[in-house]
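Chemist: Quick one: structure below, then a few questions.
The values are calculated or read from the model by the stated rules, or taken from the named source; none is laboratory data. Predicted model only: the values in this text are computed from it and were never measured. Cβ placement follows ideal geometry from the backbone for every residue including glycine, while neighbour counts extend to all protein chains displayed. SASA here: full protein model, heavy atoms, side chains in, ligands and nucleic acids out. Shrake-Rupley method; radii C 1.70, N 1.55, O 1.52, S 1.80 Å.
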Amino acid sequence: MDYASLDTSNCSVGRAVGVVGQPWVILILREVSNGLRRFSEMQDHLGVSRSVLAERLEHLVGHGILELREYREPGRRRRSEYHLTQKGRDLYPALTALREWGDKYLADPEGPLMELTHHGCGAHVHTAFVCDAGHTVPAEELQRRLGPGARPRAAA
């Protein structure tokens, strides 16, 4: 069965894009990953409207990617801030791959805004394909095969 003949309604890429592909979502995840967890901090840093930010944050909480945690500064009322859940932290390799692509093709001549390094040795960290046997696999050596959810596309 070739790819063109497959029903893609259960494609994980399509479903993931449905969750994180809305405008501002990836940038909100970047903000939270970098420690900006309060609504006002994100709005100020991103320059996004309150209504759009509120809608996207609600979307991410609803999908279990972010969670609200209460905090209270001394003498102030209780407020909430956003934290990545495990489901949200599992998106970090995808965000890192997107950042690497941007660094390679879109960074300013001086270089990228941020670099990701290994705390233990200081070397740069990169995303990679690694098979279950522990081999680093170049993209040209990847093999695509049908998964257990593959099914034929319905005739039009």
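Chemist: Of the labelled options (i) 33, 24, 16; (ii) 41, 18, 17; (iii) 135, 18, 7, which one gives semi-axes √(5λ) of the Cα gyration tensor in Å as computed for this structure?
Modeler: Among (i) 33, 24, 16; (ii) 41, 18, 17; (iii) 135, 18, 7, the one calculated here is (i).
Chemist: When only DSSP loop residues count, what GluC sites (Glu not before Pro) in region 86-156 have their Cβ near at most 16 other Cβ atoms within 10 Å?
Modeler: Of the GluC sites (Glu not before Pro), the ones in loops of region 86-156 whose Cβ has at most 16 other Cβ atoms within 10 Å are Glu110, Glu115.
Chemist: Another question about this same structure. If you roll a 1.4 Å probe over the chain with all protein chains in place, what percent of the accessible area is carbon or sulfur?
Modeler: Looking at the chain in its full context, I get 53 percent from C and S.
Chemist: Loop-only trypsin sites (Lys or Arg not before Pro) in region 98-156, please: DSSP not H, G, I, E or B, and at most 14 other Cβ atoms within 10 Å.
Modeler: On the way: sites: Arg99, Lys104, Arg144, Arg145, Arg153; in loops: Arg144, Arg145, Arg153.
Answer by residue number: Arg144, Arg145, Arg153.
Chemist: Oh, and also: Take Ser80, project a point 7 Å from its Cα along the Cβ direction, then tell me which residues of region 49-72 have their backbone nitrogen under 16 Å from it.
Modeler: Taking a point 7 Å out along Cα→Cβ of Ser80, the residues of region 49-72 whose backbone N falls under 16 Å are 51-72.
Chemist: Between Thr136 and Val52, what FRET efficiency comes out of the Förster formula 1/(1 + (r/R0)^6) with R0 = 41 Å and r the beta carbon distance, rounded to 0.05?
Modeler: In this case the efficiency is close to 0.55.
Chemist: Can you list the trypsin sites (Lys or Arg not before Pro) in region 7-46 that are in a DSSP coil and have 12 or fewer other beta carbons within 10 angstrom?
Modeler: Within region 7-46, no trypsin sites (Lys or Arg not before Pro) qualify (loop, at most 12 other Cβ atoms within 10 Å).
Chemist: Further question on the same structure: On average, how much accessible surface per residue is there in the chain, in Å², for a 1.4 Å probe, leaving out ligands, DNA and RNA?
Modeler: On a per-residue basis, 76 Å².
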